[in-house]
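See below for the structure under consideration.
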C-alpha cells in the first residue's frame, strides 16, 4: 500500500508569495487528480516510470531540478513539455541556465528549443484548483526561498502563515506531507535521485486529490516499474 495522508483544507483568498508567475485558474471547480514529481536531475527513466505508475492525471506538476546543473537532458525536458507539465525552476535548473552553465548549454547534443522552454519556466506556480489555492516552489516559499524544508523544520512555522491551501515543494529529495496552518505541505520526494532513508532510498512521486483533500505518496523501483509495499501509513496532522 502507498503511504496515504488525509487532511482537511479550506480556502481563503491570498496573494502570491514569490510573484514570479501570475495567479491562474486551472479548472472551474471540478475534481482534479494532480500528479506531482520533483528533483528529476535528468533521469528520464525515473520520470517515465513515475508517469506510467501514476496513470491518468488532470494536471502534472514538477517542483524543480529538472536537469543537472552541468548536464542538460533533452529527453527529460521534452517529456515534461510534451505532457504539458506545470513546472518551477530549481537550483540546478538555474545553475544550468546561468553563467556557469554556458558550457553545458553549448554541448553538441543540446536542443536549444528545449533550453528556451526550460528558461521560460517560473520560480513559482500560483494556481486555483477546485476552489483552493495551490502554490508551488522548489525550496521554501518564504524568503530567501532557498531553505530546505523537512517535516521537523522550524521553517514550517513560517509556511503556516502562507495563505495557501496546498504548498508543493521539493529540494530535499525527502518525501513529506504535513498540514501546517491552513496549508497541506507536500514534498513528493525525488523521481530521479533517490536519497530518502525513510523509504529505503527509493524513487517516489505523489498524487493529490483535490476533492478528498488527500495526497498519496508512492515509492517505486525504477527498474521494476512496480510500487512496493510502503512500510507506514500516516494521517495528516498539524505540525
Q: For the range 3-220, list log₁₀ I(q)/I(0) at each q in 0.09, 0.16, 0.17 Å⁻¹, using the Debye formula over Cα point scatterers of equal strength and ignoring solvent, two decimals each.
A: -0.31, -1.03, -1.17
(Q) Quick check on the exposure proxy: order 158, 133 from fewest to most C-beta atoms within 10 angstrom. (A) 158, 133
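Checking the a/c ratio against 1.5 first, then a/b against b/c, what shape does the Cα gyration tensor give for the range 33-72?
oblate
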Q: Assign one of three labels to the range 123-216, namely rounded, prolate or oblate, based on the Cα gyration tensor with a ≥ b ≥ c the square roots of its eigenvalues; rounded applies when a/c is under 1.5, prolate when it is not and a/b is larger than b/c, and oblate otherwise.
A: oblate
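Every number in this text was worked out from the coordinates using simple rules, so none of it is lab data. These figures come from a predicted structure and were not determined experimentally. No Cβ is skipped: glycine too gets one built from the backbone with ideal geometry, and neighbour counts run over all protein chains shown.
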